[in-house]
Amino acid sequence: MGSSGIHRFRYVATAFVTLLFMGLIYAWSLFVEPIEADFGWDRTQTSLNFTLSMIFFSVGMLAAGAIERRFSTKVLMIATGIIIGGGFVAASLVSTLMGIYLTYGVVVSFGVGVGTDVVMAAALKWYPDKQGFASGGMLMGFGMGAMLLSPPVTMLLSAFTWRMTFVILGVVFVVVMVAVAFLMHVPPADVAVALQAKVKASSAASTRDYTASQMVRTKAFWLFFAWLILVTSGGLGLISQAVPAAQEVLVSTGMTPDEAVMLATVAMGGVSLCNGFGRLLNGIVWDKFGYRFSLTWVSVCFAASMGLCGIAMTFGSFPLIVVGFMLLGLAYGGNMSSMAAMSSGFFGTKHFGMNYAVATLQMIPAAFIGPMLLASFQQGSGSYTSAFWAFLAIAIGAFALSFLVKKPQD
């Protein structure tokens, strides 16, 4: 890598670290038990906060896409730190369920969405020639954030109350986001022209910059949007129920529930690890082999994972369900990096922030479909077995849909 390559790589590295912290949005489950113990709230009430987080994360990205051309990256990242930090501190002071919803579910998640969109839009402008690699590398941080930062957060919860942990996290986010504000820049005009010269004609390179309104009028966008919903629903469904599903398999082998939950948590770690790695891997695949191969292998991983999980539930095989979890992690991570690569590769980098924000709106229906479908099958039959077979059908639908997606220019 030459000096110019090293120079621009630092922006992807900065974005990776930033999104590592943003990935804590997936770690809400760490706070559930201590908060429930304090207030006596049930799991249904506290679980709604995760759904709210997904919704307002998407809203935050949409808001950032609308204003990022009016303000500098520095201003927006400082604002991000204030929003997230203020949200955590405010959450530490609440005494009602609605207070948790408004501070953590709305304010913190909105700030995470704003910061994610801004930092990705800035960093991707340095890599018009390697959109898949750049987006995958950055999003790997987001996917692995919950796994890598859960241990220190757990230590804080053990040493302090959840309220003090929220205050500490608020301060940390302000410091990190302000630091990022001074490290992250978009390329100057002359550099941007030189970078565009690196772009090679390929199946992943867009020759036109679409606005969001132009993008949503294309057939390509809606086919891709539908594909994203199908794969994301599977990922979010399993993320929300991975531990109890793995626990069911382990208990069926004669293990006690207390013993089972420890191993089930390890299985959940496999999902997080592969979620992060899948984002980088699929970004590289997108650049090297094109969007068609990328969508196909993600769909195949999704289908294989659901099939393996269904077989594992039927025969009580813990190793098999771990492999299934890891494959779904790869599929879900690949799905997330595909969304970023599509936004820039299909529709150009000029309006990436807004276009990517619009694409992330697919997480709203997926956040309802996946967890609710998985939970309803489990409640209806008392087992997750039928749920995995149902998701296998969804995965097959995603596989078929992947062949219908075409770039607007095709």
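The values are calculated or read from the model by the stated rules, or taken from the named source; none is laboratory data. Note that the structure is predicted; figures quoted are calculated from it, not measured. Ideal geometry is used to build each Cβ from the backbone, glycine not excepted, and the neighbour counts take in all protein chains shown.
Of the residues that make up region 43-55, is at least one part of a helix (DSSP H, G or I), farther than 14 Å from Gly105 by Cβ and modelled with pLDDT of 85 or more?
no
Kindly list, by first and then second residue, each pair from a residue in region 296-308 that is without any contact (Cβ under 8 Å) to a residue 24 or more places away in the chain to a residue that is of a type in the set (Val, Ile, Thr) and surrounded by 24 or more Cβ atoms within 10 Å (Cβ to Cβ), limited to pairs with Cβ atoms under 9 Å and residues at least 6 apart or on different chains.
What qualifies is Leu308/Ile321.
Of everything in region 218-255, what is of a type in the set (Val, Ile, Thr) and without any contact (Cβ under 8 Å) to a residue 60 or more places away in the chain? Give them in sequence order.
Listed by number, the residues that qualify are Val243, Val251.
Do the conditions hold for Gly269, that is, is it outside the structural domain of Thr154 (by TED's automatic domain parsing) and either surrounded by fewer than 22 Cβ atoms within 10 Å (Cβ to Cβ) or modelled with pLDDT of 85 or more (or both)?
Yes, satisfied.
Considering only region 80-137, state which residues are of a type in the set (Val, Ile, Thr) and either assigned by TED's automatic domain parsing to the domain that holds Met342 or outside any helix (DSSP H, G or I) (or both).
Passing the criteria: Val94, Thr96.
Considering region 63-77 alone, what residues qualify as being out of contact with any Asp or Glu (no Cβ under 8 Å at 6 or more places or on another chain) and either within 12 Å of Gly105 (Cβ to Cβ) or not hydroxyl-bearing (Ser, Thr, Tyr) (or both)?
Scanning region 63-77 gives Ala63, Ala66, Ile67, Arg69, Arg70, Phe71, Lys74, Val75, Met77.
Among the residues of region 347-388, what is the count of those that are farther than 20 Å from Val298 by Cβ and either among the hydrophobic types (A, V, I, L, M, F, W, C) or not in a helix (DSSP H, G or I) (or both)?
Going through region 347-388 one residue at a time, the tally reaches 17.
From the residues in region 301-359 that are among the hydroxyl-bearing types (Ser, Thr, Tyr) and more than 17 Å from Gly132 (Cα to Cα), which one is surrounded by the fewest Cβ atoms within 10 Å (Cβ to Cβ)?
Among those residues, the one meeting the criterion is Thr314.
Please tell me if Arg279 is basic (Lys, Arg), in a helix (DSSP H, G or I) and in contact with a helix residue (DSSP H, G or I) (Cβ under 6 Å, 6 or more places away or on another chain).
When the stated conditions are applied, Arg279 passes them.
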